[in-house]
Structures are given as C-alpha cells and as structure tokens.
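Working notes, structure below.
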2 protein chains.
Amino acid sequence: MLGTDFFMELSNRGIQPSIQRAKILEFLWKERIHPTADDIFDHLHHEIPTLSRTTVYNTVKLFTEHNILQPLVIEDKEIRYDIDTSLHGHFKCESCGNIFDFKADNEGSAGIRELEGFQIRERHIYFKGLCSSCSNLK
Amino acid sequence: MLGTDFFMELSNRGIQPSIQRAKILEFLWKERIHPTADDIFDHLHHEIPTLSRTTVYNTVKLFTEHNILQPLVIEDKEIRYDIDTSLHGHFKCESCGNIFDFKADNEGSAGIRELEGFQIRERHIYFKGLCSSCSNLK
DNA sequence: GTAATTATTTGTAATGATTACACATTTGTA
DNA sequence: TACAAATGTGTAATCATTACAAATAATTAC
C-alpha cells in the first residue's frame with residue numbers, strides 16, 4: 001500500500017471506495033497512533049466538514065470485518081483501532097496515554113494445558129505503565 | 001481465607017468491614033466467575049434487598065485499590081473482576097460468554113527490546129474464541 | 001442518457017454501563 | 001446517650017457507542 005491510492009487499495013480489498021473511507025484509511029495508514037473513532041473524526045472533520053461521527057463508526061466496523069483493522073480494548077470506554085492486524089503486544093503509558101507496539105513472542109495456543117480443545121480466534125496482550133520518556137520526567 | 005469469616009478477612013486487609021462488603025467478597029471468593037459489577041448486584045440483591053448498585057461499584061473500586069481484585073477489560077462496556085490478582089491469562093468464549101483462566105508463561109518484561117526503559121505496572125493477556133464445550137456443539 | 005434501484009452518508013435520538021452527588025443510615029467513640 | 005465519621009442508597013448525569021430514518025450519491029437497467 002504505497003503512494004496515496006487508498007481508493008485503489010479499498011477496491012483491492014473488496015470494499016466499495018468512497019472519499020470518507022479512503023481518508024479514514026489514509027489517516028490510519030499514515031499516523032500509526034491507534035486512534036479511537038473519535039480521534040479519527042476530530043482529525044478528519046476539518047478536511048471533510050460534512051463528515052459524520054456515524055460514518056467513522058460505520059467505517060471502522062466495516063474495516064474490522066474485512067480484517068484491515070484490529071480493535072484494541074485496553075481501557076473501558078475507548079476502543080482503539082490498529083491497522084497492524086498481526087499479533088503483537090501493546091503498551092499503554094498511563095501518563096502520556098500513547099500506545100506502543102512490541103513484539104510478542106507468541107507462545108501460541110500450544111502448551112497451554114487449560115485451553116486444550118479450545119478454538120482460539122483472537123490473542124491480545126497489553127501492558128500498562130510508564131513509557132521511557134515519562135519515566136525520565138520523574 | 002478459609003471458612004466464612006469474610007468480616008475478619010476484610011479487617012485483616014485493612015478494610016472496614018460491613019455486611020455489604022463481606023457479602024460481595026464472599027461471592028467473589030466462592031463463585032470464581034469473573035463477574036461484572038452488575039452480575040454481583042443481580043446475585044446479591046435477593047439476599048440484601050436494600051443493596052444498591054452504587055455500593056457494588058464503590059466496593060469493587062475499594063477492593064481494587066487494596067489489590068484484592070483485578071479488573072479485567074476484555075470487551076468494551078463491561079469490566080469484570082477477578083479475585084485472583086496473580087498474573088495469568090483469560091480466555092473468553094464468544095459463544096457461552098464464560099471466562100476461563102490459564103497459566104500464562106510470563107516472559108516478563110525482560111527480552112522485549114521495544115520496552116527498554118519502560119516501567120511495566122500491569123500485564124494483561126486474553127484470548128477469545130470457543131471453549132471446548134461450545135466447540136463440540138458445532 | 002434517464003429512471004429505478006441500491007449503497008453510503010448524515011444527524012438525531014436511544015442505549016447502557018459507570019460515575020457524581022446529595023441525602024440517609026450505620027458505626028465507632030467519648 | 002450523643003456526636004462525628006464512615007458507609008450505603010437512589011437519582012441524575014456522563015459519554016462512547018449504536019439504532020434508525022431521512023438525505024445523498026453511486027450503480028444498474030432500459
């Protein structure tokens with residue numbers, strides 16, 4: 001997905017393109033900040049003054065169904081969206097609120113005795129604490 | 001914490017005991033079902049007809065501050081509470097909704113290059129999918 | 001190319017778990 | 001027993017998300 005043809009990219013993924021969808025995809029792709037639906041709205045409604053919050057919610061739902069996005073539930077009352085759908089961990093800094101990705105050695109399902117016979121569909125790993133910048137400020 | 005003296009147990013943990021607090025602790029201790037605040041309320045308001053939802057919310061907050069409970073954020077719109085505050089994983093079955101504990105080999109903070117200099121305060125691991133019972137029903 | 005059909009977007013209203021708050025009740029203490 | 005502090009209660013507010021119906025845009029059939 002290089003360049004700026006997010007329209008094309010949507011088509012390729014079997015999604016009917018629209019300006020709203022392309023802009024939302026572009027934002028997610030370029031700024032990899034695990035935004036909430038509201039973050040997306042706040043950022044784009046200058047560019048698309050008619051944009052509706054509902055459209056953002058509809059779109060992230062659509063993208064999630066097409067596996068373009070992975071919803072992150074770390075805090076109650078905010079769903080964040082990660083355009084990297086691969087398995088990795090997330091660290092949320094309790095001070096600055098930023099989210100950092102980290103490689104999670106996926107021990108996988110194998111070896112977990114309690115989950116024998118279970119079908120695992122999603123794996124989530126998240127840590128909380130202070131990022132290094134915020135640690136140093138203390 | 002054996003027997004039924006949850007009053008005593010609260011005192012030992014530096015919490016002023018009350019009937020409400022003792023009953024909530026008892027419920028959490030005996031039924032290890034990772035309930036929501038509402039689950040706790042639903043179960044106890046027969047026994048304590050005057051029980052208020054707010055009391056349940058206040059109490060789980062208090063218990064959390066005293067490290068008696070660990071809040072689990074797995075789905076948006078529901079905070080569940082686990083009386084086992086040790087590090088372990090949670091599996092939520094998407095069919096029956098039950099939550100299962102599993103041992104999570106804590107690779108710990110060590111070895112995660114991206115988190116060097118970070119202060120990790122909480123680790124959460126949760127999976128979703130179908131438990132073995134629900135898998136077999138298909 | 002135009003009309004008809006379908007998909008997408010929009011704005012407002014509803015939802016529902018959690019929190020705020022003010023008042024009532026209970027408990028501990030002098 | 002009386003007073004002060006802590007705890008519990010019920011109602012109202014909050015706020016992210018969802019439901020829904022009307023408006024707009026895009027696609028298809030002719």
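The values are calculated or read from the model by the stated rules, or taken from the named source; none is laboratory data. Here the structure is a predicted model, which is why all the values come from computation and not from measurement. Methodologically, a virtual Cβ is constructed for each residue, glycine included, from the backbone with ideal geometry; neighbour enumeration extends over all protein chains shown. Side chains are part of the model used for accessible areas, which takes the heavy atoms of the whole protein and leaves out ligands, DNA and RNA. Shrake-Rupley method; radii C 1.70, N 1.55, O 1.52, S 1.80 Å.
Data table
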| item | result |
| --- | --- |
| Close pairs (8 angstrom Cβ cut-off, 6 or more residues apart or separate chains): more than 7 Å from chain A (Cβ to nearest Cβ) in segment B:110-138, part of a loop (DSSP other than H, G, I, E, B) and open to solvent by less than 80 Å² (accessible area, probe 1.4 Å) anywhere | B:S133/B:C96; B:C134/B:S95; B:C134/B:C96; B:N136/A:G117; B:L137/B:S95 |
| Residues located in segment A:68-107, provided they are out of contact with any Pro (no Cβ under 9 Å at 6 or more places or on another chain), over 21 Å from B:P71 (Cβ atoms) and of a type in the set (D, E) | A:D84, A:D101, A:D105, A:E107 |
| Verdict on A:P49 being more than 8 Å from chain B (Cβ to nearest Cβ) and touching a strand residue (DSSP E or B) at 6+ places or on another chain (Cβ under 6 Å) | no |
| Filter pass, B:I19 being loosely packed, with under 14 Cβ neighbours inside 10 Å and among the β-branched types (V, I, T) | yes |
| Any chance A:G14 is free of Cβ contacts under 8 Å to residues at least 60 places away in the same chain, more than 14 Å from DNA strand C (Cβ to nearest atom) and part of a loop (DSSP other than H, G, I, E, B) | no |
| Which listed residue is within 14 Å of another protein chain (Cβ to nearest Cβ) and more than 14 Å from DNA strand D (Cβ to nearest atom), from A:R13, A:R80, A:R32 | A:R32 |
| Qualifying residue in segment B:59-79 (condition: within 12 Å of DNA strand C (Cβ to nearest atom), in contact with a Lys or Arg (Cβ under 6 Å, 6 or more places away or on another chain) and touching a residue at least 40 places away in the same chain (Cβ under 8 Å)) | yes |
| Residue list for segment B:48-65, filter: among the charged types (D, E, K, R) and more than 11 Å from DNA strand D (Cβ to nearest atom) | B:E65 |
